[in-house]
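*Asks:* Let me give you the structure first, and then I'll get to my questions.
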Amino acid sequence: MKKKMLAGVMTIAMVGAMFTGTAMAEEAELLPGGGSNIIYCITPDPSNPYFKTVQDIATATGEELGYEVKCQSHGDDAAKQLEMFEAAIADGAAAIICDNAGADASIEAVQKAYDAGIPTWMVDREINQSGLCVGQLVADNAQGAAAIAEAWVEAMNYEGKYAELLGLESDTNCQVRSDNFHSVIDDYEDLEMVAQQSANWDQTQGYEKTEAILQSNPEITGIICGNDTMACGAVQACIDAGREDIKIIGVDGSDEAANYIKSGNMVGTALQQIALITETAVRQADDYLKNGVVPEEKQLIPCIAITADNVENLSAFVYTE
């Protein structure tokens, strides 16, 4: 895993100048950290393997670099997230790595860390304010959603009725993914969306919403999903309804989705390289604290369209050639 991740860090450096840059300490006022050797990693619920990967990679990378890593989950509750940031501040955290609880709702927490001199990195989800985070590293959701939508329209043979499962609508990623699915799909007049509902990134809701959609719209032959967790719920609902003909896509690159792609129950997913994103954020935090290297705040990491053609190269959110 370590070698794979390090190779990925080189990939970011090569993708590079378009998305990232560095400046030395004298060009920016550095936040010193809270004085401890602790990195806090604050994410949504790690029962979702995507967020567990954030915590696992942050812990492994932080410990390798000599830090104690404390992982906590806000469960997409901004008030709970604020309490966790306050705890990190009280604990003298060196830095905070956060997959946040809302693009607007998280600004208050990050502002408190900034005011306390503690540098924060966002991974996976941005906040809607610049200048408070040292780094915001996110997958290129626009590129990824469009890429996997291309594979889906081909699998649909460019026609048919379909449904969409949206994620948490307060999350910027939700609208970006949906918009870029449609930037491809809407070019085909014989593809018609007949249902669109939020399943809030949740697998159980994905199952239940799909079950209801199939009852109301039995004519559908496709479902597009804003993440793999909802997509896997949709797949299972279709299997249980005897509708294994339905073409389904997601976004994330989870192992569960990979297994469904291998079995033919999903068309594909857009891999967000979250293991790579998280490792890069922790290494940037270390370089910032120890060497005064300041990264470009907004950093886009390319997604990889995963289909039956290349799914064997995917494991634990890591893609290897």
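*Asks:* Only residues that are open to solvent by 30 Å² or more (accessible area, probe 1.4 Å) and either touching a helix residue (DSSP H, G or I) at 6+ places or on another chain (Cβ under 6 Å) or outside any helix (DSSP H, G or I) (or both): list them for the stretch 277-306, please. Before the answer, list the steps.
*Replies:* From the stretch 277-306, those open to solvent by 30 Å² or more (accessible area, probe 1.4 Å) are 283-284, 287, 289-291, 296-298, 300, 302, 304-305; that's our starting set.
Hits for the stretch 277-306 are 296, 297, 298, 300, 302, 304, 305.
*Asks:* Tell me, which residue of the stretch 57-82 that is among the aliphatic types (A, V, I, L, M) and under 20 Å from the mean Cα position of the chain (by Cα) is farthest from residue 171 (Cα to Cα)? So that I can check it myself, show each step before the final result.
*Replies:* Initially, the stretch 57-82 is screened for residues among the aliphatic types (A, V, I, L, M), giving 57-58, 60, 65, 69, 78-79, 82.
Remaining after also requiring under 20 Å from the mean Cα position of the chain (by Cα): 57-58, 60, 78.
Values: 57: 23, 58: 22, 60: 27, 78: 12 Å.
Checked the stretch 57-82; the qualifying residue farthest from residue 171 (Cα to Cα) is 60.
*Asks:* Could you grab the pairs with beta carbons closer than 8 Å, sequence gap of 6+ or different chains, first residue in the stretch 250-266 and closer than 10 Å to residue 235 by Cα, second one in a helix (DSSP H, G or I) and of a type in the set (D, E, K, R)?
*Replies:* Every condition considered, the pairs that remain are 257/228.
*Asks:* In the stretch 99-125, what residues are touching a Ser or Thr at 6+ places or on another chain (Cβ under 6 Å) and either open to solvent by 10 Å² or more (accessible area, probe 1.4 Å) or at pLDDT 95 or above (or both)?
*Replies:* Across the stretch 99-125, the qualifying residues are 99, 100, 110, 113, 123.
*Asks:* Using beta carbons and a limit of 9 Å, which pairs, at least six apart or on different chains, have the first residue in the stretch 232-247 and at pLDDT 95 or above and the second one outside any helix (DSSP H, G or I) and among the basic types (Lys, Arg)?
*Replies:* Pairs found: 237/243.
*Asks:* Look through the stretch 70-86, keep the residues that are surrounded by fewer than 24 Cβ atoms within 10 Å (Cβ to Cβ) and touching a residue at least 40 places away in the same chain (Cβ under 8 Å), and return whichever of them is nearest to residue 131 (Cα to Cα).
*Replies:* Top of the filtered list is 84.
*Asks:* Here's a check for you: in the stretch 149-173, which residue that is within 30 Å of residue 77 (Cβ to Cβ) and assigned to a helix (DSSP H, G or I) is least open to solvent (accessible area, probe 1.4 Å)?
*Replies:* My answer is 173.
*Asks:* Name, by its number, the condition in (1) surrounded by fewer than 24 Cβ atoms within 10 Å (Cβ to Cβ); (2) farther than 27 Å from residue 321 by Cβ that does not hold for residue 224.
*Replies:* Among (1) surrounded by fewer than 24 Cβ atoms within 10 Å (Cβ to Cβ); (2) farther than 27 Å from residue 321 by Cβ, residue 224 violates only (1).
The values are calculated or read from the model by the stated rules, or taken from the named source; none is laboratory data. Since the model is a prediction, treat every value here as computed from it, not as a measurement. In this analysis, Cβ positions are derived from the backbone assuming ideal geometry, glycine residues included, and neighbour counts consider all displayed protein chains. With ligands, DNA and RNA removed, areas are computed over all heavy atoms of the protein, side chains included. Shrake-Rupley method; radii C 1.70, N 1.55, O 1.52, S 1.80 Å.
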